[in-house]
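Take a look at the structure set out below.
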Amino acid sequence: MSEAKKGSRIVRFEYGGVAEPGLLLEDGRVEVLDAELQPTGTIREGARLLAPTSPHAIWCVGLNYREHAKETNKTPPEEPCIFLKPLTCLAAHNETIRFPSWAGRIDYEGELAVVLGKTCRNVPEAEALKFVRGYACFNDVTARTLQGRDGQWTRAKSFDGFAPMGPCLLYQPEMPQDAMLTTRLNGEVVQQGPLSDMIFSVSRIIAHISRFATLHAGDVIATGTPSGIGPVKDGDEVEVEITGIGVLCNRFVEED
Ligand code: MG
């Protein structure tokens, strides 16, 4: 079976009520891909993008950048600190993220997401990238007040829509080289750091999780946020940009 070209930017989009794979072009239009991810020449104008994968699980890593551990007054962990978000968190590029006013402070956390390409278990670190399908921008939206109050993170991380992801999947097993992660709040830079500042590498994280759980093709691993986390308010727009991938943009709306 042939495959899409390595380094291409793959999307999932909705057309006529059906999810289809596509290629995100430089001008923002989408070219339809066939089942083998080969370009068909058919262009879709104004296609509504979906999250670029349909996972069984959304795994996340807490405290994976030293500066972020510092700003939250936590000691960097000895091994990756893993938590989950339910699939109801998944949201697409340009989707509005709604949060209730009773939830207190809501924070953005710009992150790199890894998407698995093959199901795996007990993967050695040196082999781990062979199981990667690609990379996307991710926002690990967090109800910070509730995170402190609850003593564990489940409720704070699990509101509907609190895992926007996109706009596309950079289709390659290797991490984007020398990539910077930048988060902007209403156009102003609030987080910026190289992906190379991660405490635990993508390979290490895959090896770590697959020691205790099966990772399925399509699953997401969000790899932690750099320093500069902060709150959103009603009407704010948050962009997470990673060099070589693109810009994930979501508007936040507070509801009663
Ligand atoms: Mg996070």
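The values are calculated or read from the model by the stated rules, or taken from the named source; none is laboratory data. Bear in mind the structure is a predicted one, so any value in this text is a computation, not a measurement. Cβ: placed from backbone, ideal geometry, glycine included. Neighbour counts: every protein chain shown. We work out accessible area using only protein heavy atoms, side chains counted, and drop any ligands, DNA or RNA first. Shrake-Rupley method; radii C 1.70, N 1.55, O 1.52, S 1.80 Å.
Looking at the chain, the accessible area is 45 square angstrom per residue; that uses a 1.4 Å probe and ignores ligands, DNA and RNA.
Residue order by solvent-accessible surface for Asp27, Asp150 is Asp27, Asp150, largest first, with ligands and nucleic acids left out and a 1.4 Å probe. Using heavy atoms of the protein chains and a probe of 1.4 Å, the accessible area assigned to Trp102 is about 150 Å².
The accessible area of Ile82, taken with all protein chains in place and a 1.4 Å probe, comes to roughly 50 Å². Label positions at Ala19 and Gln152, each projected 7 Å from the Cα along the C-beta direction, are separated by 2.8 nm. P(r) tail, the stretch 58-255: Cα-Cα pairs separated by more than 21 Å, 47% of all pairs.
Using just its DSSP H runs of length 4 or more, each adding -39500 (n - 2.57), the chain gives a mean residue ellipticity at 222 nm of -2500 deg cm²/dmol after division by all residues. Positive end of the dipole of the chain (Cβ unit charges, origin at the Cα centre): among Gly28, Thr145, Val18, the Cα lying farthest that way belongs to Thr145.
Over the stretch 1-154, the reciprocal of the mean inverse Cα-Cα separation, the Kirkwood hydrodynamic radius, stands at 18.2 Å.
Annotation: extensible slack from Met180 through Thr243 equals 22.1 nm (criterion: 0.36 nm per residue apart, minus Cα-Cα distance). If you plug the beta carbon distance of Phe212 and Lys6 into 1/(1 + (r/R0)^6) with R0 = 41 Å, you get a FRET efficiency near 0.85.
Over 24 Å apart at the Cα level, from the set Lys74/Lys118; Lys6/Lys130; Lys70/Lys130; Lys130/Lys157; Lys70/Lys118, are Lys74/Lys118; Lys70/Lys130; Lys130/Lys157; Lys70/Lys118. For GluC sites (Glu not before Pro), the sites in the stretch 57-141 that DSSP calls loop and that have at most 10 other Cβ atoms within 10 Å are Glu78. Normalised by residue count, the stretch 8-50 yields a Cα convex hull volume of 66 Å³ per residue. By DSSP, the beta bridges lying fully in the chain are antiparallel in about 85 percent of cases.
Note on Arg44/Thr75: beta-carbon distance plugged into 1/(1 + (r/R0)^6) with R0 of 51 Å gives a FRET efficiency of 0.55. For Lys85, the aspartates and glutamates whose Cα comes closer than 15 Å to its Cα, not counting residues fewer than 8 places off in the same chain, are Glu109, Glu111, Asp140, Asp160, Asp219. What is the percent carbon and sulfur in the accessible area of the stretch 58-255, measuring with a 1.4 Å probe over the protein chains and ignoring ligands? Carbon plus sulfur share of accessible area: 48 percent.
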